[in-house]
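Enquirer: Pasting a structure below so you can have a look.
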Amino acid sequence: MTKRIAVGATVFATCCIALAYASAFVPGGGEWGAWSMVIGLATMVVSLMVLGVARRGRGVGRLAVPLAFTFVVIVAGFGAALLLPVETVGGRLVLGLPLRAALVLYGVGLLPILVLPLAYALTFDDMTLSEADLARVRALGVEYRARQGADAAGGEG
Amino acid sequence: MIVLTPISLLQGGTLPTLAQPTIIAVAVAYFLVVAAIGVWAARRTRSASDFFVAGQGIGLWTMAVAAMAATLSGFAFIGGPGLMYSLGMGAVFIILPIGVSGTLGAWTMAKRIRLLGEARGLITVPDAIAARFNSRLARGLAAVAMLVAIIGYMATNILALGLVIDAIFGSGLFAGLWIGMAITLAYSVSGGILAGVYTDLFQGAVMSVASVLVFLFTLKVGGGDAGFAGTILPVDAPFLAPWGKMTPLAALSFFFVFGIGSLGQPHVVHKFYMLREPRKLKWYPLIMSVAVIISLLLFIGVGLAVKSLVVRGELPPLERADDATPFFLLRFTPLLLSAVVFSGVAAAIMSTVNSFMSVGAAALTHDLPIAFGRKVTNELFWGRMSTVVISIVATVVAGASGTLVAFLGIFGWGLFASTLVPSLAIGLNWSGATRAGSVASIATGLVVTLVFETLAFLEVFTFPAGVTATALALVSSLLVFFVVSWFTRHSAAATLDDDVRFVMEV
């Protein structure tokens, strides 16, 4: 079920991105096109992550939090850059950059790096690849090679 | 005449003549280290598996740093800062996806690719597509698309390498092209990808250290008393706007093409096969992401610093944006550091070329014959021969026509993205994807990229701001992948073998 929703979300995201590019051919389409792209990008990034995370019969478990965080950061970062007023000279700087640029660079660019790789590592053993999973793959590999060997021998015979 | 486009800027661009004893000495030392690694690797390369996937014996740090080095190429040090200098913050959107793309790639592909390698001994990206969709046609199409893209991409890289060697040694461009290709070919043919990844490790480590040091210099001299923003904002406010001097759609389009498109870069995906122990992937996104961020400090720092220096009148406006890094280094950093960076640029381009040589040779020697129902008996020998042939073709193309090189280079990234992302990033994670969907999406990516790029090159039409052939091809291939898979959904289950199904569900 989770994968099905993720696939649906990826299709939706692809359509949003296609619509964003279509907006460039329409007079005055720039503004809604940018929003369509923001929604499409955030959805596609997270839905692809969900596709990769979700295992048979299981959802995303405690990874729901970092995944939701990623979606919010992308939408909020780019959305703020679209909505906030243009900075004036002498305006507030955040870590050396005007507010909107800082939200994009530090928010969308850096914040996920503080969260996603750690979420990946901390959930790796039980949600990504356990010793038992690996042993099963190796056993299937042995079966596959035996089958291939038998087919080759049969073919030669 | 060589016409440089944004893609050729990404690969390295032009450099002013640098020939100085210190720079030449460091470059020679660099090449000697690369040669030593090549000799060492050649002694350990005894099979096709050693040649193409380093015998699946690479450690995590080596793989992560090699993936980083192959991803960045000379772009991080030359083209990127130049783009930042001319586009402002808009250029950042090329590297902005790093925040998510490392972990995205790990979740969607790293584990499954590595496990397919474990279960079936796969060695190429089309191998994975063929195993997933049980299709020789999908394998063959993917191999053809990769070969076309690789020739174009390699040609632009070899051209950039020729420019750097010419700048360092004053050899002339033609000689620089062939010297650069010969050095890269020597260690690639003898040591295969094993030589490549350890060269990447050495070069990636040097790049990281150099990037941090140069970044510190940009902070020291670039901002002045008012800081970057205080200097630039009053004179050129759009430079520091969130989209820089681009439209929001154009900047966001960079994020899409370079973020989602990164999932289809075979020279990076291919490295997942090489990891010795699959469970070491646990720390891959963290190491990869941090390594990339460190290496990109120079990209942002130099772009901002040079702009700031130009605004303050301490540097004349640059005639060529690509001169940003060389000018900054030669005027504001110690010569030894400049020399390390210039040699690092050459080494970075060489590492990318090596990766393409390996991936291309595998497509030619391994995938195309299998797609036609044949198997090459001595893959190691023919892999080496293919490496030579591909390299010579790419170098001839690089030297033959500048505009042709630019044209080919433009759709290199786009072809990889539009032909491989649907089948890999989605196909390996969704059992509803079908063979027909995969074949149709690869064909769509190939045709749309070639047609739109050709028409744009011939100036038959001009896209509006923010729209590129690469982006349209990627969107089209994704849509076709979903639509065709839906219409042929009754056949989805039939394409999955038990071991592949388990790898996809685990």
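The values are calculated or read from the model by the stated rules, or taken from the named source; none is laboratory data. Quick caveat, the model's predicted, so the values are computed rather than measured. Cβ: placed from backbone, ideal geometry, glycine included. Neighbour counts: every protein chain shown.
Enquirer: Restricting to segment B:266-283, and then to whatever is surrounded by fewer than 24 Cβ atoms within 10 Å (Cβ to Cβ) and not in a helix (DSSP H, G or I), can you tell me which residue is farthest from the other protein chains (Cβ to nearest Cβ)?
Expert: Only one residue tops the list, namely B:Arg276.
Enquirer: Same structure again: Test B:Gly162 against the criterion of being buried (at least 24 other Cβ atoms within 10 Å of the Cβ) and more than 14 Å from every other protein chain (Cβ to nearest Cβ), and give yes or no. First the steps, then the outcome.
Expert: Numbers: buried (at least 24 other Cβ atoms within 10 Å of the Cβ): yes; more than 14 Å from every other protein chain (Cβ to nearest Cβ): yes.
So B:Gly162 passes the test.
Enquirer: Can you tell me which of (1) more than 9 Å from every other protein chain (Cβ to nearest Cβ); (2) closer than 25 Å to B:Leu240 by Cα; (3) surrounded by fewer than 20 Cβ atoms within 10 Å (Cβ to Cβ); (4) not polar (S, T, N, Q) is the one A:Ala42 doesn't meet?
Expert: (3)
Enquirer: Scan segment A:36-63 for residues that are outside any loop (DSSP other than H, G, I, E, B), at pLDDT below 95 and farther than 17 Å from A:Val11 by Cβ and jot them down.
Expert: Matches in segment A:36-63: A:Val53, A:Gly61, A:Arg62, A:Leu63.
Enquirer: Suppose we filter segment A:11-37 for residues that are at the interface with another protein chain (Cβ under 9 Å from one of its Cβ atoms), surrounded by fewer than 23 Cβ atoms within 10 Å (Cβ to Cβ) and of a type in the set (Val, Ile, Thr); how many remain?
Expert: Matching residues across segment A:11-37 total 1.
Enquirer: State which residue is surrounded by the most Cβ atoms within 10 Å (Cβ to Cβ) when the search covers only segment B:111-131 and only residues that are more than 9 Å from chain A (Cβ to nearest Cβ) and of a type in the set (Gly, Ala, Ser).
Expert: B:Ala128
Enquirer: Let me ask another. When the residues of segment B:245-265 are narrowed to those that are of a type in the set (Ser, Thr, Tyr) and assigned to a helix (DSSP H, G or I), which ends up nearest to the other protein chains (Cβ to nearest Cβ)?
Expert: That would be B:Ser253.
Enquirer: Does B:Phe174 meet the test of being modelled with pLDDT of 90 or more and either more than 22 Å from the chain's Cα centre (by Cα) or in a loop (DSSP other than H, G, I, E, B) (or both)?
Expert: no
Enquirer: Let me ask another. How many residues are at pLDDT below 95, surrounded by 13 or more Cβ atoms within 10 Å (Cβ to Cβ), part of a helix (DSSP H, G or I) and among the small types (Gly, Ala, Ser) if we restrict to segment A:110-153?
Expert: The qualifying residues number 2.
Enquirer: I've got another one for you. Can you pull out the residues in segment B:51-89 that are assigned to a loop (DSSP other than H, G, I, E, B) and of a type in the set (Phe, Trp, Tyr)?
Expert: Within segment B:51-89, B:Phe77 is the sole residue that qualifies.
Enquirer: I would also like to ask the following. Could you please give the count of residues in segment B:90-111 that are over 30 Å from B:Arg320 (Cβ atoms) and assigned to a loop (DSSP other than H, G, I, E, B)?
Expert: 0
Yes/no per residue for (1) of a type in the set (A, V, I, L, M); (2) at pLDDT below 85; (3) buried (at least 24 other Cβ atoms within 10 Å of the Cβ):
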{"site": "B:Val148", "(1), (2), (3)": "yes, no, no"}
{"site": "B:Thr156", "(1), (2), (3)": "no, yes, yes"}
{"site": "B:Ala167", "(1), (2), (3)": "yes, yes, no"}
{"site": "B:Trp178", "(1), (2), (3)": "no, no, no"}
{"site": "B:Ser188", "(1), (2), (3)": "no, yes, yes"}
{"site": "B:Thr199", "(1), (2), (3)": "no, no, yes"}
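Enquirer: Filter segment B:487-501 for residues that are in contact (Cβ under 8 Å) with a residue 24 or more places away in the chain and at the interface with chain A (Cβ under 10 Å from one of its Cβ atoms) and give the result.
Expert: Those that are in contact (Cβ under 8 Å) with a residue 24 or more places away in the chain and at the interface with chain A (Cβ under 10 Å from one of its Cβ atoms): B:Asp497, B:Asp499, B:Val500, B:Arg501.
Enquirer: Report, by residue number, each residue of segment B:186-243 that is assigned to a loop (DSSP other than H, G, I, E, B) and touching a residue at least 12 places away in the same chain (Cβ under 8 Å). Explain how you work it out, then say what you get.
Expert: Filtering segment B:186-243 for residues assigned to a loop (DSSP other than H, G, I, E, B) gives B:222-226, B:233-236, B:241-243.
B:Gly222, B:Gly223, B:Gly224, B:Val235, B:Asp236, B:Ala241, B:Pro242, B:Trp243, listed by residue number.
Enquirer: Which is touching a Leu at 6+ places or on another chain (Cβ under 7 Å) and either closer than 17 Å to B:Leu424 by Cβ or part of a helix (DSSP H, G or I) (or both), of B:Leu137, B:Leu161, B:Leu147?
Expert: Numbers: B:Leu137 fails: touching a Leu at 6+ places or on another chain (Cβ under 7 Å); B:Leu161 fails: touching a Leu at 6+ places or on another chain (Cβ under 7 Å).
Going through B:Leu137, B:Leu161, B:Leu147 in turn, the sole match is B:Leu147.
Enquirer: Could you look through segment A:64-83, keep only residues that are within 9 Å of another protein chain (Cβ to nearest Cβ) and of a type in the set (A, V, I, L, M, F, W, C), and pick out the one that is surrounded by the fewest Cβ atoms within 10 Å (Cβ to Cβ)?
Expert: A:Leu82
Enquirer: So if I check each of A:Leu134, A:Leu116, which one is within 21 Å of the chain's Cα centre (by Cα) and within 7 Å of chain B (Cβ to nearest Cβ)? Can you show your working first?
Expert: Working: A:Leu134 fails: within 21 Å of the chain's Cα centre (by Cα).
Just one listed residue meets the conditions, A:Leu116.
Enquirer: Another question about this same structure. If only one of B:Gly414, B:Gly466 is closer than 19 Å to B:Ala250 by Cα, within 11 Å of chain A (Cβ to nearest Cβ) and touching a Leu at 6+ places or on another chain (Cβ under 8 Å), which one is it? I'd like the intermediate steps shown before the answer.
Expert: Values: B:Gly414 fails: within 11 Å of chain A (Cβ to nearest Cβ).
On inspection, the qualifying residue turns out to be B:Gly466.
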